[in-house]
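The values are calculated or read from the model by the stated rules, or taken from the named source; none is laboratory data. Worth saying up front: this structure is predicted, and the values here are computed from it rather than measured. Please note: Cβ atoms are built from the backbone with ideal geometry, for glycine as well, and neighbour counts cover all protein chains shown.
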Amino acid sequence: MSEEIKISVIIKTYNEQAGIAKTIVSIRDNLADYPHEIIVADSLSTDDTQTIALENGAKVVTLENSDERCCGVGHQLGYLHAQGEFLLLMDGDMELAEGFIEQGLAFLESHPDYAGVAGMVEMDDASSYEFKSRKQRLHKIYPVGDCGHLGGGGLYVKSAIEKIGYLTNRNLHAYEEAELGMRLKHAGYKLHRLAVPYFSHTSYDMSSVELMKYRWRSGYLFASGELLKSAWAKPHFKDAVRVVKNEAIFTLYLVALALSLLSFDASLIGLMLLPLVAFFILKAVKNKSLRDALQSVINLSVFSAGLVRGLSCRLKDPNVAPNNHMIGGKQ
């Protein structure tokens with residue numbers, strides 16, 4: 001490409017053969033007027049993700065070690081090779097919405113104190129409890145206006161990222177966007193979510209139990225502990241605690257409950273069970289479903305176990321690049 005690259009699109013993938021072509025096409029359609037590159041950052045997919053990406057004209061950079069797979073390594077992997085003035089972060093199951101790029105660029109170019117901007121998110125109907133709950137809380141998860149982080153990706157100013165050392169933390173199996181937002185905030189930058197569509201998202205087609213098993217095996221549930229451990233003694237540690245406060249509080253509660261059970265004191269055990277019973281009743285009333293209330297308790301318990309497991313994970317220096325290589329592709 002002879003023109004200087006304006007936007008580097010980084011798509012993190014792992015076994016996304018079902019959607020990666022649609023993702024790339026949606027990007028091509030919306031970035032036709034801008035010099036750009038599309039980088040698929042792949043975590044050693046075992047399906048045809050890389051082949052399909054190359055056939056659709058993307059560059060592909062891949063990990064060399066499957067043990068490095070996690071949410072945080074993907075966009076960082078693409079960032080290592082990005083040449084654009086702006087970075088557009090997406091996943092391989094997303095489709096870019098029409099009009100976001102124009103409005104996102106206009107906002108960032110007129111607000112130099114902002115490092116990133118995103119938009120509203122659309123989700124399909126989900127089968128698992130977690131994704132149903134997420135869809136009900138989209139306005140809270142993706143709030144319009146100034147915000148602490150851009151969940152789901154966004155459009156970032158590359159020069160701002162260069163000032164904080166790395167894009168996303170290669171150790172994190174989730175919360176990588178939250179951690180990025182924390183570091184940008186402490187570097188003096190702000191983030192904003194526009195009241196315009198950004199992308200549509202395809203949820204996992206799994207039952208609640210299957211999704212929980214998958215996320216434990218993949219390490220996703222360890223992320224809260226990894227986030228706390230990686231942020232320890234850093235300026236954004238308090239921010240990290242706030243992000244995972246629900247899991248942290250429930251973990252402390254479960255420890256206290258276990259200690260009460262070991263005491264064999266019936267009155268103490270009854271007292272310690274009251275918060276759990278109250279939580280279950282509130283969830284059942286709110287969701288009008290005993291099953292959803294039970295699922296909520298189970299989810300919190302498993303996430304709490306994941307937090308403890310995450311605290312024991314060995315962390316690598318996020319400023320050091322994982323072993324990777326570029327496969328190629330046309331631009």
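The residues in the range 216-229 that are touching a helix residue (DSSP H, G or I) at 6+ places or on another chain (Cβ under 7 Å) and either within 16 Å of T168 (Cα to Cα) or free of Cβ contacts under 8 Å to residues at least 12 places away in the same chain (or both) can be counted, and the count is 6. A single entry from A223, A233 fulfils the requirement of being among the small types (G, A, S) and over 18 Å from C70 (Cβ atoms): A233. Selection of helices (runs of 4 or more DSSP H) fully inside the range 155-246 by the criterion of at least 3 residues being acidic (D, E) returns 176-186.
Does A82 satisfy the condition of being of a type outside the set (S, T, Y) and either buried (at least 22 other Cβ atoms within 10 Å of the Cβ) or in contact with a His (Cβ under 9 Å, 6 or more places away or on another chain) (or both)?
For A82, the condition - of a type outside the set (S, T, Y) and either buried (at least 22 other Cβ atoms within 10 Å of the Cβ) or in contact with a His (Cβ under 9 Å, 6 or more places away or on another chain) (or both) - is met.
On inspection, A21 does not qualify as without any contact (Cβ under 8 Å) to a residue 24 or more places away in the chain, out of contact with any strand residue (DSSP E or B) (no Cβ under 8 Å at 6 or more places or on another chain), of a type in the set (A, V, I, L, M) and over 26 Å from D317 (Cβ atoms). Do we have any residue at all in the range 42-50 that's among the hydroxyl-bearing types (S, T, Y), in contact with a His (Cβ under 7 Å, 6 or more places away or on another chain) and over 21 Å from I161 (Cα atoms)? No, the range 42-50 contains no residue that is among the hydroxyl-bearing types (S, T, Y), in contact with a His (Cβ under 7 Å, 6 or more places away or on another chain) and over 21 Å from I161 (Cα atoms). Here the range 302-323 is the region considered, the condition is being touching a Leu at 6+ places or on another chain (Cβ under 7 Å) and part of a helix (DSSP H, G or I), and the residue that is farthest from K286 (Cα to Cα) is L311. The combined condition, being at pLDDT 85 or above and over 26 Å from A53 (Cα atoms), is not fulfilled by Y129.
Any chance you could count how many residues in the range 185-203 are modelled with pLDDT of 95 or more and either of a type in the set (D, E, K, R) or farther than 21 Å from K6 by Cβ (or both)? First the steps, then the outcome.
Within the range 185-203, the subset modelled with pLDDT of 95 or more is 185-194.
Still in the list and also either of a type in the set (D, E, K, R) or farther than 21 Å from K6 by Cβ (or both): 185-188, 190, 193.
Adding up the residues that qualify gives 6.
Residue-wise test of (1) surrounded by fewer than 12 Cβ atoms within 10 Å (Cβ to Cβ); (2) touching an Asp or Glu at 6+ places or on another chain (Cβ under 6 Å); (3) at pLDDT 95 or above; (4) over 30 Å from H36 (Cα atoms).
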position	(1), (2), (3), (4)
S230	no, no, yes, yes
K238	yes, no, yes, yes
L274	yes, no, no, yes
F280	no, no, no, yes
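Residues that are of a type in the set (K, R) and surrounded by fewer than 23 Cβ atoms within 10 Å (Cβ to Cβ) within the range 11-58 comprise K22, R28, listed in sequence order.
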